[in-house]
Amino acid sequence: MDEQLEKGKVSRSQDLQISGRLLLLARAVALLTVSALGLLFTSAGVLVQDGTSLDVHSSAAIALHVLTGVLALVLGWRAWATRRGRWAAVVALVLFGATFAQASLGGSSTLAFHIGVALVLTVLCTWLAAWTFGRSLYEEIE
């Protein structure tokens, strides 16, 4: 019986370590995602003003797709492993999909929608970054 109890403690300890590591990874990816958005806004300003920096804007958009996908995977894995943070995982998945919808609106005739969805992406990215930093690294596992 004591041996089973010890196994349970080790398993719980390992679960807490995994949860903490996934949250640290989510924090790093969330910060990179917000940084990619900052680069997108900067390059969009230059693009609208001078008509240059399309290559920077396109590269930052690809980075945003990749980063939001990784963030959705990490938060999804953490939600599955800990049974907590499911809403954040769903929001991250919506964010990932929304980046593609927003990119598809990048033409000159749909630029107003492109900018509007960019603001929604900013809110979602910022909320997810704040959410990851508002969690304890080693919150209790159910």
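So what's the convex hull volume per residue for the Cα atoms of the range 71-142, in Å³?
66
I'd like the FRET efficiency for Phe113 and Ser58, computed as 1/(1 + (r/R0)^6) with the beta carbon distance as r and R0 of 22 Å, rounded to 0.05.
0.75
Over the chain, what number does the Rg to Rh ratio reach, with both radii from the alpha-carbon atoms and Rh per Kirkwood?
Answer for the chain: 1.14.
Taking the Cα atoms of the range 48-101, report the difference between the largest and smallest coordinate on each principal axis, in whole Å and largest first.
Extents along the principal axes: 48, 14, 14 Å.
For the chain, what is the mean residue ellipticity at 222 nm derived from helices alone (per DSSP H run of n ≥ 4: -39500 (n - 2.57); sum divided by total residues; nearest 500 deg cm²/dmol)?
-31000 deg cm²/dmol
Only Cα pairs within less than 10 Å get springs; with that Gaussian network setup on the chain, which residue of Gln49, Gln17, Gln102 has the largest fluctuation?
Gln49
In nm, give the distance between the simple-model label positions of Val94 and Arg21, each being 7 Å from the Cα along the Cα-to-Cβ direction.
Here the modelled spin labels are 3.1 nm apart.
Pop a pseudo-label 7 angstrom from the Cα along the beta-carbon direction at both Ser13 and Ser35 and give the gap in nm to one decimal.
Output for this residue pair reads 3.4 nm.
For the pair Val66/Ser136, report the inter-label distance in nm, with labels modelled 7 Å from Cα in the Cβ direction.
3.6
Treat the count of other C-beta atoms within 10 Å as a stand-in for reagent exposure and order Trp77, Trp87 from fewest to most.
Fewest-to-most ranking of Trp77, Trp87: Trp87, Trp77.
Quick note: the coordinates plus some simple rules give every number you see, no bench work behind them. All of these numbers come straight from a predicted model, not from anything done at the bench. Here the Cβ is made from the backbone with ideal geometry for all residues, glycine too, and neighbour counts use every protein chain on show.
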